[in-house]
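Novice: Could you have a look at this structure, given as structure tokens, before my questions?
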Amino acid sequence: MAKRKQRRPPPFASSSSSSSSSSAAARTSPTTLPTAVAARRRRVPSTSSSLLLTTTAFLLLSFLPRVDGAAREDAVRGRRTIEIRREVVGAASCDRPTHEQEDDARTSVGTSGARDVLRASAESRGGGRDHVEEEGTRPFQRGRGKMAGKWGIVARRRIIHRGGNVDDDNGRHQLHGAVPPKDEPIISPSLLACDWSDMKGEIKKCLDAGCPWLHVDVFDGVFLDSPNALTFGPQMVGSIRKRFADPVLDVHLCVDRPQRYARPMADAGATRIIFQWEAMGDGNDGGDELDDALSSAIAFAKDITSLGMACGVSINPETDVATIFPLLDTGMLDLVDVLAVEPGFGGQQFNHVAIQKIESLRQYRDQSLSPRGIDLKILVDGGVNNSTSSVVTDAGADILVAGTALFRHPRGFEAAVKELR
Ligand SMILES: O=C(CO)[C@@H](O)[C@H](O)COP(=O)(O)O
């Protein structure tokens, strides 16, 4: 392996630390953070003078014991709780920091050790969402004592808990902190249709236009059997989550062996997995096959929810909606994705067979699920534009997934959102 050159990074300005601090700022807007955290962010040092270096190292050293496992900040925004806990999870001493040592320190920031703590915390709070982020590694030089002049590296992570299970005024659940607009469908942009070379800019567009739910189509080129139906994986979801802490990330899995993706997607920061009913087996044929598909779907839903994600199911246009009613009866799913196109590509014609399915689902929810306390959202996906949106909302859809109609609108994204609403 090629040996990398040693270097002496200026304090708080190594490539990893500087990108980490700027990305942290981009990830979470100050308006959504407790004021103390936002204020601390603004105090990041910007000069590398040796005086400042020594002072900063001194401050960091005296700060460390208090930060380690102890710094917590809680805030209540409306009826949504946000807790941010910072932990120092790795530290190393060295003559001069190297890339390798920083990598070692960074490795210990991983999510693995934090998972059990997070789950327990989520359960004790009645749901919600925990999210672990690497805050970065920072080289620093010790300024006093026996170790004066020696370099060290410290790695930190942030654990963000967002409270869930909070009812809004309509008595509807606010899932994972996202606030559904009252009396209006939620518009969830499908990133399939955006400019992939500018993912950050495109997502910013969505958030600026008041669309905090994002639909991420995960196609592996195998399940949908086309080399062109190949999209994003956990790395993409993780990169989005690192930049944007707030949006709901709905991951629609149209892949072979979808069960393999649950943990990587949870670690990447997905909010919800929407799996494809047809990937569970040949349930439409009834009999044993239906039982097998149902057992696989229930086991998968259990996995997904025990990883702290919400769970939804998607059905193809040819699938009879009644086949999934026993799955909805379990109460583990909070969303059904009614596909109005064959999955795989954007820009297809809306298939009106979806309307009758939305109506059946609404009826089943009102008559059978809601009386048992089971909350369910109905999402329609594919071919949604300004002429089909009112038809699907009249039929009872709560969430509209739209790609082409939003990202390719001649008058821009914001105008497109207004049209759909
Ligand atoms: O999964 C799919 C299509 O396979 C959808 O999520 C589409 O991405 C919706 O795109 P438009 O039909 O709105 O272009």
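Read-outs: derived from the displayed coordinates by stated rules, not from any lab. All figures in this text were calculated on a predicted structure; none of them were measured in a lab. Reconstructed Cβ throughout: ideal geometry from the backbone, glycine too, with neighbour counts over all protein chains shown.
Novice: What is the gain in length, in nm to one decimal, between residue 235 and residue 362 on full extension, counting 0.36 nm per residue of separation less the C-alpha to C-alpha distance?
Specialist: Fully extending the segment from residue 235 to residue 362 adds 42.2 nm.
Novice: Applying a 10 Å radius around every beta-carbon, put 270-279, 205-214 in order of their mean neighbour count, most first.
Specialist: Per-residue Cβ counts within 10 Å, averaged per peptide and sorted highest first, yield 270-279, 205-214.
Novice: Please work out the Cα convex hull volume for the range 296-401 and give it in Å³ per residue.
Specialist: Values: hull volume 10.9 nm³, N = 106.
Spelled out: Cα convex hull of the range 296-401, divided by residues, is 103 Å³.
Novice: Report the calculated FRET efficiency for residue 415 and residue 387 (r = Cβ-Cβ distance, R0 = 22 Å), to the nearest 0.05.
Specialist: Working: r = 15 Å, r/R0 = 0.70.
Once the sixth-power term is evaluated, E becomes 0.90.
Novice: Residues of the range 327-369 with backbone nitrogen within less than 17 Å of a virtual label 7 Å along the Cα-to-Cβ line of residue 291, please, listed as ranges.
Specialist: 327
Novice: What ranking, highest mean first, results for peptides 342-354, 242-254 when packing means the other Cβ atoms within 10 Å averaged over each residue?
Specialist: 242-254, 342-354
Novice: Between residue 303 and residue 329, 0.36 nm times their residue separation minus their Cα-Cα distance comes to what? Don't skip to the answer; put the middle values down first.
Specialist: Details: separation 26, 0.36 × 26 = 9.36 nm, distance 1.71 nm.
Result for the pair: 7.7 nm of gain on full extension.
Novice: Please work out how much length the chain gains when fully extended from residue 374 to residue 183, using 0.36 nm per residue of separation minus the C-alpha to C-alpha distance, in nm with one decimal.
Specialist: Details: separation 191, 0.36 × 191 = 68.76 nm, distance 2.03 nm.
Here the segment from residue 374 to residue 183 would lengthen by 66.7 nm.
Novice: Is there a pair in 242/302; 200/302; 205/302; 242/418; 302/377; 205/357 whose C-alpha atoms are over 24 Å apart, and which pairs would that be?
Specialist: Correct reply: 242/302; 200/302; 205/302; 242/418; 205/357.
Novice: Further, regarding this structure: Just how large is the dipole of the range 374-421 about the Cα centre, in debye to the nearest 20, putting +1 at every Lys and Arg Cβ and -1 at every Asp and Glu Cβ?
Specialist: In debye, rounded to 20, the range 374-421 gives about 220.
Novice: List the residues, sorted by chain then number, that are 5 or more residues from residue 314 or on another chain and whose placed amide H is less than 5 Å from its amide H.
Specialist: Amide H neighbours of residue 314: 275, 276, 277, 337.
Novice: Moving on. Have a look at the range 166-420 and give its Rg and Dmax from the Cα atoms, expressed in angstrom.
Specialist: 16.8, 52
Novice: Rounded to the nearest 20 Debye, what is the dipole magnitude of the range 166-420 about its Cα centre when Lys and Arg each give +1 and Asp and Glu each give -1 at the C-beta?
Specialist: 980
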